[in-house]
Amino acid sequence: MAIQFNFVSSMLILVLLSISSIEGQGGGGGGVIDVVAKFGAKADEKTDLSKPLLDAWKEACASTSPSKIVIPKGIYFLSTATLDGPCKAPIELQVQGTVKAPADPGAFKEPKWIAFNRIENFKLSGGGVFDGQGTTAYKREGCKGHDYCGSLPINLRFDFLTNAMIQDITTKDSKQFQANVLGCKNITFEHFTVSAPDESPNTDGIHIGRSDGVNVLNSEIKTGDDCVSIGDGSKNLVINGVTCGPGHGISIGSLGLFKNEEPVDGVTVKNCTMTNTSNGVRIKTWPGAEPGTCSNIHFEDITVTNVSSPIIIDQKYCPWNKCKINEESKVKLSNISFKNIHGTSARPEAVKIICSATFPCENVELVDIEITHSGPTGPAVSQCSNVKPKVSGKQNPAACSAPIPARPTPTA
């Protein structure tokens, strides 16, 4: 159902945005608004773009006909900006240039750089770059190896948007998450590029939470944390055609840490490639902690190259040893499939399915798994705990054939 749902959603978005481009010169305001020509923005890397951008947004948001805001080619400095709706008609923000954030993490009062909030029928496009200049933050004392750098700004926040398209945009070197999606309905990322070094901490490429109908299509993500991370309350997600690496793979979770988490239901990850990542496709939940559910999750047609943990369900997820490791996870996992996953593992544990003893995984399926490992520690192995997967097709390594060590290797 997820694929069908999101295909319809994408078609709706495209129709709405086609209307935007066709009617952009209509009455009631609207048309093309150039932040340089009309509002005096300067591509000199020092004059703040904030006021020209907010002035352009105010005009576009008040228009009763579709508008397009253009940031022309050049390099701009932007301190921070929050673009609020609701607006009266569709808006496209076309970024042709490069927009740079303050390099100093101390310049931010809130954990966000650019935010789009409560907007309907919105498009962000243009081939431009949002450069978070996060190198200083990556070296910040107490950040790497710690549980959060929560006060650091996220490059792009998309909060409570309905019918949105993010297309041909690059986000790079964010100080925290590259893009965060919260409370959205029908939002598509296509040809979205994420670029950050593998040593950048907590820089998830796209983090999704409490959203319905999110598509991530034909995108390239290189970062220091999860390429895509899926939090609680996520429904009807499709991730298709994503290349990931470096990074921590495509992950659902971590789940079960906080009270009142909402179910994760309906996630399809397909036609994706992971290269030199610490994980491939993963579900991670905290031991002990809080209850939750995660169901109808499908990983299919995945290529892994030198990936440390290609297939992993980890219900003993315990980074920084900040958990009740001797307790069982209270998150119930069900209806999960891994199909046609092939390539090479950097470690022997190519398949690791560690489920909760209190709530064992239900209806897990392994189909056509072909993952090899060459190294002094032996061939690839498959480990399972508290799960009886349905197995079909080729299985290399043989499904659930290796014992679980007393202390499983922790994952990033």
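The values are calculated or read from the model by the stated rules, or taken from the named source; none is laboratory data. Values in this document were obtained by computation on a predicted structure and should not be read as measured data. Glycine also receives a Cβ, built like all others from the backbone with ideal geometry; neighbour counts cover every protein chain displayed. The area values use the complete protein model at the heavy-atom level, side chains included, leaving out ligands, DNA and RNA. Shrake-Rupley method; radii C 1.70, N 1.55, O 1.52, S 1.80 Å.
All conditions in (1) open to solvent by less than 50 Å² (accessible area, probe 1.4 Å); (2) closer than 22 Å to Gly233 by Cα hold for Ser309, with the sole exception of (2). Would you point out the residue of region 180-229, among those that are polar (S, T, N, Q) and assigned to a strand (DSSP E or B), that is nearest to the chain's Cα centre (by Cα)? By that ranking, first place goes to Ser229. Selection of first residues in region 40-53 that are polar (S, T, N, Q) and in a helix (DSSP H, G or I) and of second residues that are at pLDDT 95 or above and surrounded by fewer than 15 Cβ atoms within 10 Å (Cβ to Cβ), restricted to Cβ pairs under 9 Å at least 6 apart or on distinct chains, gives the following pairs, ordered by first then second residue: Ser50/Ser79.
The set of residues from region 327-364 being open to solvent by 20 Å² or more (accessible area, probe 1.4 Å) and not in a strand (DSSP E or B) comprises Glu327, Glu328, Ala346, Arg347, Pro348, Ala357, Thr358, Phe359, Pro360. Is there any pair linking a residue in region 73-91 that is more than 17 Å from Gly30 (Cα to Cα) to one that is buried (at least 21 other Cβ atoms within 10 Å of the Cβ) and aromatic (Phe, Trp, Tyr), with Cβ under 6 Å and at least six apart or on different chains, and which? Cβ pairs passing all conditions: Thr80/Trp113.
Selection of region 390-403 for residues being open to solvent by 60 Å² or more (accessible area, probe 1.4 Å) and at pLDDT below 95 yields Ser401, Pro403. Looking only at region 178-194, which residues are in contact (Cβ under 8 Å) with a residue 40 or more places away in the chain and closer than 18 Å to Gly245 by Cα? Listed by number, the list holds a single entry, Gln178.
Here Thr170 passes the criteria (1) surrounded by fewer than 19 Cβ atoms within 10 Å (Cβ to Cβ); (2) of a type in the set (Val, Ile, Thr); (3) modelled with pLDDT of 95 or more; (4) over 15 Å from Ile71 (Cβ atoms) except the one numbered (4). When Val367, Val387 are checked against the criterion of being part of a strand (DSSP E or B) and at pLDDT 95 or above, a single residue qualifies: Val367. Each residue in region 151-167 was checked for being more than 14 Å from Phe130 (Cα to Cα), open to solvent by 40 Å² or more (accessible area, probe 1.4 Å) and not polar (S, T, N, Q), and 1 of them qualify. Restricted to region 235-285, and to residues there that are crowded, with 24+ Cβ neighbours inside 10 Å and outside any strand (DSSP E or B), the residue that is farthest from the chain's Cα centre (by Cα) is Gly256.
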